[in-house]
Structures are given as C-alpha cells and as structure tokens.
C-alpha cells in the first residue's frame, strides 16, 4: 500500500552504503525537493554515508541544485552517470579523487535499468567500443582512484567472433522519482512534465531489486480521477509519495511554471522566434543546415548544434524532423537549462525508447558538438585537463548514425570574427587549438566509424573537413581565410587537402 510521507521521512529511508538512483534529464523530471531533504539530513547528521549514486545525465544548474546537492565528501562514495558537466562540485570531487566515478553511455545506463528489472545478467552492446568506455582504454573509469580501487563495470566479450561490451546489471536499493500527480492509491501521472525521462525504468529496476520507490509530486488527487492513459507508474511499484510544496516542484531548473507549449498542448507561433543574428554560431549552423535533406530524422547535440533547427527554419528547409535523446520528436529544441525539451513537439517518447531507436540506426543525420579532434579523426567531448564532463548520449548517437557532422569553432578561447562583402575575417584568434595530435580522451572513435562506413564531416566557421581512411581532409575554406595562417598554423597536425579545395558559400557570411 502506497503511503504519503514527508520529504524528511523519505530522506530517512536511505541507509549507509545504499545504491540510490534518481530520475531527471537536466532539470526535467528531477525530484529536487527530495534531494534537498537528503542534503539537509547529511548536513545535520553526517548520514547516510558511502552511497552509490546513479543518474542518467547531468541535472544541476551549477548553483548547487540537483545531484550537486549530494556532492559533500563522504555522502557519495561512487557516482555512476553519463554526464557530470553541470555539477561543478561533483566534477571537482571526481578530479580530486574524493569519490569513485564512472561515465557510461546514456543508452547503456537505461538498458541496465531494464536488465535489472527483468533480472537479466546485464547488457551486451557495441556502443562504446574503441572509446574510453572500452576496457582496453579506460573502462569508463573517470579518475585515478577509480582506476586503482573501483571494480570493473564493463568487460570485453566475443559472440560468434564479434566484439561486444558487457555491462553487468546494477541492483538499486532506493530511487527518488518525480511525477505530476498521485492519486490516493499511489498511481502516478506525468501529464505536466515536458519529458518522459527514466521514471518507469528506474521504478521497475528498483521494485524488482526489492528496493524502495519514492515519488515526488505536485499534488495528490482523489482515487479514480486520473486518466489511466496518463498514468505511467501503477501503485503496485510505488512505495511512498511526497507532495512538494509550491515553489519546490518547478518544471525545470530554468522554468518555474508549467509551459503547455513544451508538452504540445498548445502551439507557439513560429513567428515568435527571431532569426539568429550573424555570428560564428549562425555561420556554423547555416553551413550545417546545407547538409539537411527533406524527410530526414536528425539529432541535434548540445551547444552550437542546437542552432541548426533555427537555421533550417530561416532557410526555409521544410519536412525535417528534429529529435533529441531526451525523447522529443519535432518542434524547436530548447537550449541551456531547458535543454532536452522543445517548443511545439510532435511526440514525446520515453528517453529509453528513443535511445533504442537510435541504436537501431533510425537517425539519418546527427549534428554533434566539436571540442577536440586529433589527426586520426577521434573526437573528445568528455574530459578536458582532467575535468570530467562525460559523454551523455554522444557515444550512443555517434556510433549508430550513418552521417555525422561535428560542429564547432575552429579554435576556442576568445575567438572573434567579422564578416564583410561575403568574406570572413579573424579579428582575434582563439588561444586554444581544437585540432590536436592526440585528444585527451576518445569519445568518438574514427577507427570504429571507418570500419562501419559512416560519413563524417567537420564544419567550423572557416573550414570544412571530411574523414577519410587516410585521415582528415580539408575540403572547403571560407572566403577571406588564408590556408597557411588561418588553418594550418592553428592545427597541431597537417591535414590532407582536397585536390579541388572549394570555397564555402559566400551567403553564409552576409
């Protein structure tokens, strides 16, 4: 029988050494009120200690909310996630070896929940092969302490002579989830949530582990009043419900109130969106948009790739379907702390379901961020100068999509440009070179991509490259850019240069 309890009582259910998991995608679906109660309990009692915390992705605002509430030394001994870039305290703890930490692909984590729910031994997958997740490289271990003390969460296996990674299933003692409403029986709807995150997968994994399922809700309604089509967690797998007071159940970490245009209940006029001003971001997005084909299903990654949807709309490219790994299909993807949601979505799948479709090759194109690339064509977006960010869904997407565009500035750190007469001019060069002899960590494997016949392009504000079996080849140069000074001198390696080097479209710079 589901019971209604306080957040303080929910926090008291967590014991030393437990594995605690919580729902959420950035700020959507995040039970922050419950995490706050656990934070306060630890501050006052120094208990519980030595938890293993599992979360699928980054879910803080860099201001102490979300999972960063649990970053106090001693509270969490082991972090298992796909991303920690939004949690500066946890990121610092990882870098300083104050906790064990594993960074695994987003889709793998969701499959592990399903495997635990079904009492299966674990997950066999190609996702992660030849990246830092591969045990021949780092095994997903995010710091020196984990490499020396931490158990292996992945191992290399072979089936019929083919390589796979095997991830053993992970039992969960207690999970904190978030829904919209609970009825008096404990049935949970998520009708006002902008995303269907990992609530069902976590509840099933925890319940079938013999663990405790706690759900934070906005309100409790009368028995039998919830539309059964909107109930995503039946009361048989819900142990406790906590009603959050007003102000403690925000839509996301950036949005206080329910926004019906994020759930598709209303449509926001596209005319309300202003075209992007001419900038490096727009140049890159417009050039990437030139690669879009009508009828395509496209994933847009974090950061600069999110501008491609606006660029496509401005260019009048129709019949496109944008998708994010959060589960949203259609609409205009949002950015920042509202990332994962979209205005005017056409469908909202569960995160686990969309990742399954990605793994099966449903995407026609993925536009992903470019942080570092080496002479072999490997890409790093997951660790920089020892600071752990994690891959999120990057590995799941990049290893299972036929055509990939890596999108970003050519250099970083203070880069300034200007445009005139259809040409690009470097006003101030970035201090950090992105094209390096060797990346710090392999998040995208060029070896894997070439073996699987993927098409790989790299688009920056001043140059376009393609990945070939002989290395990275420069194919386009922006008008106004000098090959030696602006390209070759800003790279730590010599790329191949196409015999018929083209100029990028001058309309991009007007």
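A short reminder: the numbers here are calculations on the coordinates, not readings from a lab. If you're wondering where the values come from, they're calculated on a predicted model, not measured in any experiment. For neighbour counting, all protein chains shown are included, and Cβ atoms are generated from backbone atoms with ideal geometry for every residue, glycine included.
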Volume per residue that the Cα convex hull of region 119-186 spans, once the total is divided by residue count, Å³: 166
Rounded to whole Å, sorted largest first: equivalent-ellipsoid semi-axes of region 266-369, Cα gyration tensor: 21, 15, 13
In 5 Å bins starting at 0, how do the alpha-carbon pair distances of region 15-106 split up by percent? 3, 15, 28, 30, 18, 5, 0
Three semi-axes of the equivalent ellipsoid, region 376-500, Cα gyration tensor, whole Å, largest first: 25, 18, 13
log₁₀ I(q)/I(0) of the chain at q = 0.06 Å⁻¹, via Debye over equal Cα point scatterers, no solvent, to two decimals? -0.28
Helix 280-289 vs. the chain, principal-axis angle (Cα, 0 to 90°, nearest 10): 90
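Report, to one decimal in Å, the Kirkwood hydrodynamic radius for region 57-181 based on all distinct Cα pairs. Kindly include the intermediate steps, with their values, before the conclusion.
On the way: mean 1/r = 0.0645 Å⁻¹.
Over region 57-181, the inverse of the mean reciprocal pair distance is 15.5 Å.
Round to the nearest 0.05 the FRET efficiency obtained for residue 77 and residue 124 when R0 = 30 Å and r is the Cβ-Cβ distance.
Step by step, r from the Cβ atoms, then E = 0.60.
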What's the center-to-center distance, using Cα atoms, between region 406-425 and region 435-510 in Å? 15
From the C-alpha coordinates alone, can you work out the Kirkwood hydrodynamic radius of region 122-241, in Å? 16.8
Place a point 7 Å from Cα of residue 432 in the direction of its Cβ. Which residues in region 75-97 have their backbone N less than 19 Å from it? 83-96
For region 270-509, what log10 I(q)/I(0) values come out of the Debye formula at q = 0.09, 0.11 1/Å, with one point per alpha carbon and no solvent? -0.36, -0.54
I want the antiparallel fraction of DSSP beta bridges within the chain, as a percent rounded to 5. 45
Please determine, in degrees from 0 to 90 and to the nearest 10, the orientation of helix 106-117 with respect to the longest principal axis defined by the Cα atoms of the chain, where the helix direction is its Cα long axis. 30
Quick calc of log₁₀ I(q)/I(0), region 195-255, Debye, one scatterer on every Cα, no solvent, q values 0.23, 0.30 1/Å, result -1.17, -1.32
In degrees rounded to 10, the 0-90 angle between helix 32-45 Cα long axis and the longest Cα principal axis of the chain is 70
How big, in percent, is the set of alpha carbon pairs in region 3-243 lying more than 31 Å apart? 21
In nm, to one decimal, how far is the residue 346 label point from the residue 15 one, both placed 7 Å along Cα→Cβ? 5.0
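Return the calculated 222 nm mean residue ellipticity for the chain, to the nearest 500 deg cm²/dmol, obtained by summing -39500 (n - 2.57) across DSSP H runs with n ≥ 4 and dividing by the residue count. Provide the component values of the computation, followed by the final result.
Working: 11 runs with 92 residues, N = 510.
Only helices count here, giving -5000 deg cm²/dmol.
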Distance in nm between residue 500 and residue 220 label points, each 7 Å along Cα→Cβ, equals 7.2
